[in-house]
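Can you read through this structure? Questions will come right after.
The values are calculated or read from the model by the stated rules, or taken from the named source; none is laboratory data. Keep in mind that this is a model prediction, so the values were computed, not measured. Heads up, the Cβs are rebuilt from the backbone with ideal geometry, glycines too, and the neighbour counts pull from every protein chain shown.
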Amino acid sequence: MGFPIIRMRRLRQNENFRRMVRETSLSVDNLIYPLFVTFGKGVKDEINAMPGTARFSIDMLSREVKEIRNLGVPAVILFGIPEEKDDVGSAAYNPDGIVQRAVKEIKSAAPDLIVITDVCIDEYTTHGHCGVVRGNEVLNDPTLELLSKMALTHARSGADMVAPSDMMDGRVAAIRKTLDEKGFSDIPIMAYSAKYASAFYGPFREACDSSPKFGDRKSYQMDPGNSDEAIREVALDIEEGADIIMVKPAMAYLDIVRRVKDEFKIPVAAYNVSGEYSMVKAAAEKGWIDEEKIMMEILTNIKRAGADMILTYFAKEAAKILNK
Ligand code: PBG
């Protein structure tokens with residue numbers, strides 16, 4: 001049976017029909033807002049390539065997180081920019097480090113806001129790699145201990161969930177074991193499972209001054225051409241105890257989001273990364289696109305692809321629209 005009996009346009013003729021048959025709707029419940037925390041006092045330092053975002057010193061966080069909470073966004077994820085870096089990223093697992101202190105501040109300013117911490121040492125190392133370096137090599141196994149220590153200090157500071165983004169093999173199991181042994185068996189792990197070696201992270205690395213000083217991240221992050229491999233990565237992380245798995249970046253990787261969602265019955269997060277955000281902002285600044293419409297279309301489509309949660313620098317702006 002087909003035309004003229006079937007007319008697909010019947011259910012598109014006005015907004016109420018469209019609302020009734022819409023398969024995907026975005027909610028503030030789906031959003032996670034990334035926050036950059038830096039040293040110093042009174043700092044709210046706009047990030048050049050990411051208009052609308054900033055690095056905040058700890059004393060400036062309380063206002064920001066109250067605004068986020070009041071917009072109904074359920075969670076933030078924290079990235080730290082330490083005052084001093086070294087070759088093993090000691091500042092990353094200092095119990096009194098930047099993120100550790102920020103977590104305490106946020107939990108006292110907005111206790112119900114879920115605080116997720118990014119677990120990775122690249123922002124804390126002088127070489128900018130996500131693991132311990134020997135010569136030109138990024139070592140896997142010695143890094144696991146540092147990541148576990150880092151996650152533990154976050155949990156001890158009051159973090160609600162930890163999110164390893166380093167792509168070392170075995171890190172979910174290592175972190176799970178440490179947290180369980182130290183009395184944090186209730187802290188979930190959101191694993192950056194299918195994280196690609198992507199040029200879309202450019203503006204973020206500028207924001208954190210975390211570009212690798214030699215080589216690139218291709219020996220640990222995934223090759224953009226691969227899809228079956230993402231399924232293996234996700235399966236391993238689930239086996240190791242991940243509670244939520246993540247695909248990153250989002251927009252150019254929606255096929256991966258969909259495959260993962262179809263294959264596994266586990267909450268899926270997608271990271272709408274810095275470069276994806278910057279492209280929209282830049283085109284909007286030039287007057288080439290309608291920023292608000294593009295933003296909502298992108299976020300809705302990431303959800304349609306299968307993401308339950310979206311980490312996005314658009315979270316506050318999208319929440320304002322969704323709350324209208
Ligand atoms: C690593 C990390 C990165 C991002 C999140 N965690 C950068 C990288 O892997 O180089 C990128 C996020 C973004 O681009 O928005 N700590």
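Looking at Asp160, Asp186, Asp180, which is the one that is without any contact (Cβ under 8 Å) to a residue 40 or more places away in the chain, of a type in the set (D, E, K, R), more than 12 Å from the ligand (Cβ to nearest atom) and within 28 Å of Val257 (Cα to Cα)? Let's see the steps before the verdict.
Working: Asp160 fails: without any contact (Cβ under 8 Å) to a residue 40 or more places away in the chain; Asp180 fails: within 28 Å of Val257 (Cα to Cα).
From the options Asp160, Asp186, Asp180, the qualifying one is Asp186.
Which residue pairs have Cβ atoms under 7 Å apart, sit 6 or more places apart or on different chains, and have a first residue in segment 59-71 that is in contact (Cβ under 8 Å) with a residue 12 or more places away in the chain and under 20 Å from Leu311 (Cβ atoms) and a second that is basic (Lys, Arg) and in a helix (DSSP H, G or I)?
Ile68/Lys316; Leu71/Lys316; Leu71/Lys320
Given the conditions (1) more than 16 Å from Thr125 (Cβ to Cβ); (2) surrounded by fewer than 22 Cβ atoms within 10 Å (Cβ to Cβ); (3) not hydroxyl-bearing (Ser, Thr, Tyr), report the number of the one that Ala230 does not fulfil.
Going through the list (1) more than 16 Å from Thr125 (Cβ to Cβ); (2) surrounded by fewer than 22 Cβ atoms within 10 Å (Cβ to Cβ); (3) not hydroxyl-bearing (Ser, Thr, Tyr), Ala230 breaks only (2).
Here's a follow-up. In contact with a strand residue (DSSP E or B) (Cβ under 8 Å, 6 or more places away or on another chain) and either at pLDDT 95 or above or closer than 20 Å to Asp237 by Cβ (or both): does that describe Thr178?
no
Please go through (1) outside any strand (DSSP E or B); (2) of a type outside the set (Gly, Ala, Ser); (3) within 13 Å of the ligand (Cβ to nearest atom) for Pro51 and return the number of the only condition it doesn't satisfy.
The single condition Pro51 does not satisfy is (3).
Across segment 265-277, which residue is surrounded by the fewest Cβ atoms within 10 Å (Cβ to Cβ) among those that are within 15 Å of the ligand (Cβ to nearest atom) and not in a strand (DSSP E or B)? Walk me through it before giving the result.
Keep residues of segment 265-277 that are within 15 Å of the ligand (Cβ to nearest atom), which gives 269-277.
If we keep only those that are not in a strand (DSSP E or B) too, we end up with 273-277.
Numbers: Val273: 26, Ser274: 24, Gly275: 21, Glu276: 23, Tyr277: 24.
Looking at the filtered set, the residue picked out is Gly275.
Related question: In segment 101-135, what residues are within 16 Å of the ligand (Cβ to nearest atom), surrounded by 20 or more Cβ atoms within 10 Å (Cβ to Cβ) and either assigned to a helix (DSSP H, G or I) or polar (S, T, N, Q) (or both)?
Ala102, Thr117, Asp122, Glu123, Tyr124, Thr125
Check whether at least one residue in segment 247-262 is hydrophobic (A, V, I, L, M, F, W, C), part of a helix (DSSP H, G or I), within 25 Å of Asn48 (Cβ to Cβ) and away from the ligand (no atom under 16 Å from the Cβ), and report yes or no.
Among the residues of segment 247-262, not one is hydrophobic (A, V, I, L, M, F, W, C), part of a helix (DSSP H, G or I), within 25 Å of Asn48 (Cβ to Cβ) and away from the ligand (no atom under 16 Å from the Cβ), which makes the answer no.
With the condition kept exactly as written, say whether any residue in segment 278-296 is modelled with pLDDT of 95 or more, crowded, with 18+ Cβ neighbours inside 10 Å and within 19 Å of Ala191 (Cβ to Cβ).
Looking through segment 278-296, none of the residues is modelled with pLDDT of 95 or more, crowded, with 18+ Cβ neighbours inside 10 Å and within 19 Å of Ala191 (Cβ to Cβ).
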